[in-house]
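Chemist: Structure in structure tokens, see below.
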Amino acid sequence: MIARSKISVITVCYNSEKYIEQTIKSVVGQTYENIEYIIVDGGSTDGTIDIIKKYETSLNKWISEPDEGIAHAMNKGMDLVTGDFILFLHSDDYLMNSRVLEKAAPYLNSTYDIVAFDILFEDGGKKTLARPRGFNWWFNFKTGLFHQSTLCSRKLFEKIGIFDTNFKIAMDYDFFLRAYKSGAKLQYINMPLSVMRLVGISSRRNWHDLKKRFREERRVHFLNCSSIQMRIIYHIYWAIYFPYGLIFHTAKSGKR
């Protein structure tokens with residue numbers, strides 16, 4: 001195994017003064033030395049830039065300019081990386097502890113395109129462990145990976161392309177589904193890598209945001225559909241899941 005793979009961490013942010021300092025500190029405080037840290041800001045107007053500047057001597061690169069959404073910002077970050085493996089850690093997320101990338105690094109090698117770790121979801125101060133399902137047939141319907149705890153090789157991006165900017169929410173599912181269908185090799189490691197706060201757009205459970213997310217997931221399915229049989233299955237799936245998902249998730253959250 002290659003223990004010294006270069007890890008590029010990319011944080012995209014916009015008006016993120018509430019949480020971004022913890023995100024930055026969790027990366028620059030890592031004991032693993034072969035890290036490249038890049039921040040892509042969308043032109044924040046709050047105190048985000050002041051916080052970034054506070055740590056800029058510990059950053060490899062950072063930019064602040066308007067973008068066309070999360071996927072566009074993530075692609076900007078990809079244009080700047082030089083690492084062997086890439087981790088997207090958004091401004092609501094943070095790494096588990098200061099040694100977690102040092103512990104993860106020995107698993108990063110040319111045998112695998114994707115190395116997936118466990119994640120902790122933080123909601124109102126309570127943390128819940130979640131394990132990725134990885135690649136299986138169910139991946140055709142729902143993502144089994146959490147990008148905040150998943151490292152992808154730069155070669156995979158070179159092979160299947162970057163994020164589709166037509167997606168505002170499901171860009172990571174689209175990327176991972178393309179990876180799955182391309183035959184990408186995935187390794188799962190039973191170790192929490194990061195903490196994801198349930199405050200971002202993909203975590204919202206109100207009626208309006210759920211409809212937007214489901215519609216994007218549906219587009220992901222049909223965009224990556226390669227057979228008539230799967231197209232028929234998708235039509236049946238969405239005829240059932242769309243109303244069920246809306247009712248179930250909004251009822252669970254207690255709001256519409």
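Chemist: Among K18/K103; K53/K185; K18/K61; K6/K211, which pairs are too far apart, with a Cα-Cα distance over 31 Å?
Modeler: K53/K185; K6/K211
Chemist: Full-extension gain between R219 and K127, please, as 0.36 nm times their residue separation minus the C-alpha to C-alpha distance.
Modeler: Net length gain for the segment: 30.0 nm.
Chemist: Turning to a different aspect of this structure: Can you give the charge dipole size of the stretch 70-172 about its Cα centre, rounded to the nearest 20 debye, using +1 on the beta carbon of Lys and Arg and -1 on the beta carbon of Asp and Glu?
Modeler: On the way: 12 positive and 12 negative charges, 45 e Å.
Here the stretch 70-172 has a charge dipole of around 220 debye.
Chemist: Please report the projected area of the chain's Cα convex hull averaged over all directions, in nm².
Modeler: So the mean shadow area of the Cα hull is 13.4 nm².
Chemist: A further question follows. Can you tell me the 0 to 90 degree angle between the C-alpha axis of helix 228-253 and the longest principal axis of the chain, rounded to 10?
Modeler: Its long axis makes an angle of about 70 degrees.
Chemist: Here's another thing I want to ask about it. Per residue, how much space in cubic angstrom lies within the convex hull of the C-alpha atoms of the stretch 85-232?
Modeler: Working: hull volume 17.4 nm³, N = 148.
Hull volume normalised by residue count: 117 Å³.
Chemist: Ok, one more. Report the net charge of residues surrounding Y112, where surrounding means a beta-carbon distance below 14 angstrom and charges are Lys +1, Arg +1, Asp -1, Glu -1.
Modeler: Residues near Y112 contribute +2 overall.
Chemist: Using the eigenvalues of the Cα gyration tensor, what equivalent ellipsoid semi-axes result for the stretch 156-199 when each is taken as the square root of five times the eigenvalue, whole Å, largest first?
Modeler: 21, 18, 8
Chemist: In addition: So, counting K/R as plus one and D/E as minus one, what does the shell of residues with Cβ under 14 Å around M96 add up to?
Modeler: +1
Chemist: Right, next: Have a look at I24, I160, I240 and tell me which one the Gaussian network model of the chain (Cα, springs below 10 Å) gives the largest fluctuation.
Modeler: Of I24, I160, I240, the Gaussian network model singles out I240 as fluctuating most.
Values quoted throughout were computed directly from the atomic coordinates according to the rules given, and no laboratory measurement underlies them. Everything numeric here is computed off the predicted structure, so don't read it as measured data. Don't worry about glycine lacking a Cβ; one is built from the backbone with ideal geometry, like all the others, and counts go over all protein chains shown.
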